[in-house]
Amino acid sequence: FRAAAMAGDAVAMNCLAGAVEEGLAQVDEPDATAADWYRKAAEAGVVQAQSNYGLALMQGRGVPRDEKAAVDWFVRAADQGDPDVQNWLGLCYQDGRCGVLVDDAEAARWYMRAADSGDADAQAELGAMYKEGRGVEKDDEKALDYFMTAADAGSQAALDELRNRGLTA
């Protein structure tokens, strides 16, 4: 990966950063080196690198901790359609994690994007939001639809909710 990364291949930059992070490529300062390669790949538009660099910023791993910049990188990845990051942003806004204020409407917006991509955890979270009327208008029918879709996709939280409603064996 090193030669391709040095030649400007953004995907190789992301792979090299991962290899450094996993200890597969020996360098003097692995955390800083991995973060630098993730940043370069992220700036070139590699979605996975954007979320990885955001995580490095969130944790202060190889770079100074910066939650605001981390969220900015997470949003870039989410805007490119990464359902895992969309779900993560939903959690951030739901719980006030990641240096953002609690905002149920924003949480629901991110969960909807992830749910539309088939993310079962986001579907279950969105079901709960419709059930409780948090961030969205309370709607038991939509809540049930989201719980059933999430359960079909293997979400334990959704299965538990359906069991509590007496809708599964």
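The values are calculated or read from the model by the stated rules, or taken from the named source; none is laboratory data. Just so it is clear, the model here is predicted, and its values are computed rather than measured. Glycine gets a Cβ as well: all are built from the backbone with ideal geometry, and neighbour counts include every protein chain shown. We work out accessible area using only protein heavy atoms, side chains counted, and drop any ligands, DNA or RNA first. Shrake-Rupley method; radii C 1.70, N 1.55, O 1.52, S 1.80 Å.
Looking at the chain, the accessible area is 51 square angstrom per residue; that uses a 1.4 Å probe and ignores ligands, DNA and RNA. Within the shell defined by Cβ-Cβ distances under 13 Å, the residues around Gly81 carry a net charge of -3, with Lys and Arg each +1 and Asp and Glu each -1. Measuring nothing but protein heavy atoms, the accessible surface of the chain at 1.4 Å probe radius is 48 percent carbon and sulfur. Residues considered: Leu126, Leu89, Leu101. Largest GNM mean-square fluctuation over the chain, using C-alpha springs under 10 Å, is found at Leu101. Counting only Cβ charges, +1 for Lys and Arg and -1 for Asp and Glu, the dipole size of the chain around its Cα centre is about 160 debye.
How about Lys142: which lysines have a C-alpha closer than 26 Å to its C-alpha, ignoring those fewer than 8 places off in the same chain? Cross-link targets: Lys131. Three principal axis extents of the chain based on alpha-carbon atoms, in descending order, are 57, 33, 22 Å. Pairs of alpha carbons in the stretch 18-114 separated by more than 15 Å make up 58% of all such pairs. With bins 10 Å wide beginning at 0, the percent of Cα pairs of the stretch 92-169 falling in each bin runs 23, 50, 24, 3, 0.
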